[in-house]
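Here the structure is laid out as structure tokens; the discussion comes afterwards.
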Amino acid sequence: MSLASHLAELQRRHGEIERELDEAMAHPSADDLEIAAMKRRKLAIKDEIEKLRTQPTRH
């Protein structure tokens, strides 16, 4: 998988989790532990995206 396609997939997953979070937080009966887990997954993906964007390119 190329770097660009890997980044695109990570960004897609990040957006998907963000939408799931928005839906979960809109419901008063949302499970706080599940919301916290989704936030951690979203942050981990964001960190991976930033790491890949800032790593020096290999030739």
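Where a number appears in this text, it was derived from the coordinates with a stated rule and is not lab data. Owing to the predicted nature of the structure, the values given are computational and were not obtained by experimental measurement. All Cβ positions, even for glycine, are placed from backbone atoms using ideal geometry, and neighbour counts span all protein chains on display.
The chain has equivalent-ellipsoid semi-axes of 29, 11, 6 Å, by the square roots of 5 times the alpha carbon gyration tensor eigenvalues, sorted largest first.
Positive end of the dipole of the chain (Cβ unit charges, origin at the Cα centre): among GLN11, LEU33, PRO56, the Cα lying farthest that way belongs to PRO56. Taking every DSSP helix (H) stretch of at least 4 residues in the chain, weighting each as -39,500 (n - 2.57) and dividing the sum by the residue count yields a mean residue ellipticity at 222 nm of -28000 deg cm²/dmol.
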